[in-house]
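Colleague: Could you have a look at this structure, given as structure tokens, before my questions?
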Amino acid sequence: MGFGDGERLREAYRRADDGGYAFMANNIAEANVLIGLLQAYVEAQSDLVVQISPGAAKFAGAGDKRAGLRALAATVHALVEGFPIDVFINLDHFTVGEMDLIQEAIADRLVSSIMIDASAETFDENVRISRNVVRAAEGTGILIEAELGRIKGVEDEIASDEAFYTDPDEAIEFVRATGADLLAISIGTQHGVSKGKKIELRIDLAGAIRERLRGAGLGVPLVLHGSSGVLPDQIRQVIDRGIRKLNKDTHYQYVYGRASTEFYAEHAGEIVPPAGVEDDVVNLFPSGDWSPNKKAFDPRVVGRRIQEQVKTIALALLDQAGSGGRTLHG
């Protein structure tokens, strides 16, 4: 229990496919979101997939992606040791520009799976790049996710002005040629905030891709990126059509910002000096009747609020995915 390697993740996806449920794959960039997720998934008795993007690695490493990747992976490995669930790490949207990091993650078994994103390339180049990553991971048990099609919008360091739907026939050719363990498809979702608009998914396309792949003897789990604006009934429908992993990043970013904003709005008077009081931050207000309240400005205090809110939304989202009570240990 604790960190689960790629072979355990493969088994988790196999059980999800048999049981007709999915996993929310949740992006992290620091510890508060991770802790909130762990609290939720332990309570719900669900195995957990966390994701590290290149942008998160860059942030956590003070501009150094390698340092950040190793720091975040080490945090997960250390924090989840002894937990009664499996916690898996996926590298999210790593591109050919991060190939050195991919190689390092494989060599040192830092992660359970890796998503190589060459979707902006031509079909043949996408195949070539994705196949090379699959070959690099051979014998390690690390799963490789590749993407065919393109998601509109901006997510982390990946941007696209247009969406390109995945073609079922190309999906067969792509999986055969690359040997990918998971396939991320494009059916109408978009990265980032959906601005309150109901997303119109090609749910039929997800079903067609799944059936064509199965008919060709290629029963790979399907992945849906850009799922933050997907409604609960749509989530159920795409799961019924073979989606086994749905990515969540923007959702937790919003929850983080919302929890912080509400907390500091409630305690602004205990942190920011009122009019007429010298703003002596350097000396921490040594004179006068007003002083800040450490119980309000200590980052651990707002951190606990963030963790609580992340836990609340994570419980709701994993319930939509149906993974509660489905651990490999249950």
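Here, each number is a calculation from the coordinates, and none is a lab measurement. Keep in mind it's a predicted model, so treat the numbers as computed, not measured. When we count neighbours, we look across all protein chains shown, and the Cβ atoms used for this are built from the backbone with ideal geometry, even at glycine.
Colleague: Using DSSP, restrict attention to beta bridges with both residues in the chain and report what percent are antiparallel, rounded to the nearest 5.
Modeller: Roughly 10 percent of the DSSP beta bridges within the chain come out antiparallel.
Colleague: Hey, another quick one. Starting from the alpha-carbon convex hull of segment 170-292, give the projected area averaged over all orientations, in nm².
Modeller: Reported value for the Cα convex hull: 12.0 nm².
Colleague: Still on this structure, I have one more. In whole Å, what is the distance between the alpha-carbon centres of segment 11-44 and segment 48-74?
Modeller: Segment 11-44 and segment 48-74 have Cα centres separated by 18 Å.
Colleague: Please grab the % of Cα pairs in segment 3-111 that end up more than 21 Å from each other.
Modeller: Of all Cα-Cα pairs in segment 3-111, 33 percent lie more than 21 Å apart.
Colleague: Rg to Rh for segment 245-299: what is it, with Cα atoms only and Rh by Kirkwood?
Modeller: Values: Rg = 16.2 Å, Rh = 13.4 Å.
Radius of gyration over Kirkwood radius for segment 245-299 works out to 1.20.
Colleague: Arrange D86, D319 by Cβ neighbour counts within 10 Å, fewest through most, would you?
Modeller: Values: D86 24, D319 15.
Neighbour counts put them in this order, fewest first: D319, D86.
Colleague: Distance cut-off 27 Å, Cα to Cα: go down the list K245/K311; K58/K311; K65/K294; K65/K295 and report the pairs above it.
Modeller: Correct reply: K65/K294; K65/K295.
Colleague: If you don't mind, another one. So what is the calculated 222 nm ellipticity per residue for the chain, using -39500 (n - 2.57) for each DSSP H run with n of 4 or more, over all residues, to the nearest 500 deg cm²/dmol? Please list the in-between numbers first.
Modeller: Numbers: 13 runs with 155 residues, N = 330.
Rounded to the nearest 500, the figure is -14500 deg cm²/dmol.
Colleague: Could you pull out every residue, at least 5 positions away or on a different chain, whose amide H is within less than 5 Å of the one on V49? Hs are placed 1.01 Å off N in the peptide plane, and Pro or chain starts have none.
Modeller: N26, F88
Colleague: Using r as the Cβ-Cβ distance of I203 and F164, and R0 as 22 Å, what FRET efficiency do you calculate, to the nearest 0.05?
Modeller: 0.80
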